[in-house]
Amino acid sequence: MTRWEPDLLGPGWERTTLALSATDPDLVATVVRRTPAGATGGPAVLHVHGFNDYFFQTHLAEALEAAGHTFYAIDLRRCGRSWREGQVPHYVDDLAEYRVDLGLAAGLLREELGHDRLAVHAHSTGGLTAALWAASPAGRAAVDALVLNSPWFDLNARWFHRVVSTWVLDTLGPVDRMRVLADGPSAYSWHLHADNGGRWTYDRALKPAEGFPVRAGWLRAVRRGQARLARGLGLEVPVLVCTAAESGPNARGNPRLDAQDTVLDVAQIRARAPRLGDDVTLVTIPGGVHDLSLSADGPRRAYLATVVEWLATAAAAA
């Protein structure tokens, strides 16, 4: 049986680590859950975070649990709770590496804990990662529904820069993987925290306002994943894709910093969403921010209600 221990979220929360390598004991993923009051089983939701992120959104868990789902979250390898000294935070050479993390988590939920239905809720880079995993043979067997919160489906830049940067990355990525391509503060991340006028309190060592450096090998992995999506994934499970209503500049001087996606281009997400599969529902959340679950009160309630209602409909149609 899996061993659970207290989590940094405090009383009522616990976590377990999943060993990902037989030769590297520091390579782990971490699954977080609320301490169960009784037997497990029934439908479950697994949350997958984005870049420069980790799980702390307990209100998301509460909304889904109130609707009858058992909630779990995973901090992927080298991210959040799974980071170990000496590792490059959030770094992978290929998004397919995460198939191991997600596969082990799904196995834990289905085989040991007895959940008969698994929906994946994933944000930003996690949304791209989860979609690619759901399209793999193991993912197809594990996932019953997919909820994508502002997934990163394309590079937020003009066409020329997207194409040229991809060509450069394919050349540079294999030979200079750790080259830093971007590094600096994010007004979006800065503004979220309660100390800066935001609504949320979280560990800024795990989710720093300055973010983590974007490295050539990692961005190459993302661009390759986005190219795979662009060719079509052919997912057979129902997919919900939610975006903010509009995008805007990621700058502290933006008066709509609290009401726009200031990280991604929502038009790109909407354009790429149909390539996921034949059963894709696209919903816009007016006033939402990049992580829709961290939006202002009204948009956040609208997003959570949308997810809960859609999951109920998807389960009834299964």
With both bridge residues required to lie in the stretch 1-115, what share of the DSSP beta bridges run antiparallel, to the nearest 5%? 70 percent
Order by protection proxy (mean Cβ within 10 Å, highest first), peptides 32-39, 150-157, 266-273, 181-188: 150-157, 266-273, 181-188, 32-39
Prolate/oblate/rounded label for the stretch 210-302 (Cα gyration tensor, a/c 1.5): oblate
Work out the charge dipole of the stretch 1-130 with +1 on the Cβ of Lys and Arg and -1 on the Cβ of Asp and Glu about the Cα centre, then indicate which of VAL28, TYR91, GLY38 is farthest towards its positive end. GLY38
Just to confirm a number: summing +1 for Lys and Arg and -1 for Asp and Glu over residues other than TRP200 whose beta-carbon lies under 13 angstrom from that of TRP200, what do you get? -2
Out of ASN149, ASN250, ASN196, any idea which swings most in a Gaussian network model of the chain, alpha carbons joined below 10 Å? ASN196
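Per residue of the chain, what 222 nm ellipticity follows from adding -39500 (n - 2.57) for every DSSP H run with n ≥ 4, rounded to the nearest 500?
Per the formula, -9500 deg cm²/dmol.
With an 8 Å cut-off on Cα pairs and a minimum separation of 6 or more residues, tell me the relative contact order of the chain in percent.
Answer for the chain is 16 percent.
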Within the stretch 204-254: Cβ-based charge dipole about Cα centre, in debye rounded to nearest 20 (Lys, Arg +1; Asp, Glu -1): 320 debye
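To the nearest 20 debye, what is the magnitude of the charge dipole of the chain about its Cα centre, counting +1 on the Cβ of each Lys and Arg and -1 on the Cβ of each Asp and Glu? Please report the intermediate quantities before stating the final value.
On the way: 32 positive and 35 negative charges, 135 e Å.
The calculated dipole for the chain is roughly 640 debye.
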Cα gyration tensor category, rounded, prolate or oblate, for the chain with a/c compared to 1.5: rounded
Could you grab the relative contact order for the stretch 164-318? Cα pairs under 8 Å, six or more apart, rounded to a whole percent. 21 percent
Chain lengthening between ALA66 and ASP297 when straightened (0.36 nm per residue, less Cα-Cα): 81.4 nm
If you take every DSSP beta bridge whose two residues both sit in the chain, what share of them, in percent to the nearest 5, is antiparallel? 35 percent
Quick check: the distance between the Cα centres of the stretch 97-128 and the stretch 258-279, to the nearest angstrom? 22 Å
Extension reserve of the TRP4-ALA305 stretch, reckoned as 0.36 nm per residue once the Cα distance is removed: 105.3 nm
R0 of 51 Å, Cβ-Cβ distance GLU111-ALA245: FRET efficiency to nearest 0.05: 0.80
Could you compute the FRET efficiency for ALA138 and ALA22, with r as their C-beta to C-beta distance and R0 at 22 Å, rounded to 0.05? 0.75
Which whole-number percent gives the relative contact order of the stretch 16-174, counting Cα pairs below 8 Å spaced six or more residues apart? 23 percent
Tell me the net charge near ASP261. Cut-off is 10 Å between Cβ atoms, ASP261 excluded, with +1 for each Lys or Arg and -1 for each Asp or Glu. -3
Taking K and R as +1 and D and E as -1, what net charge do the other residues with C-beta under 12 Å from the C-beta of VAL241 add up to? +2
Return the Rg/Rh ratio of the stretch 40-173 with Cα-based radii and a Kirkwood Rh. 1.01
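Quick note: the coordinates plus some simple rules give every number you see, no bench work behind them. These figures come from a predicted structure and were not determined experimentally. Cβ atoms come from the backbone with ideal geometry, glycine included; neighbour counts cover every protein chain shown.
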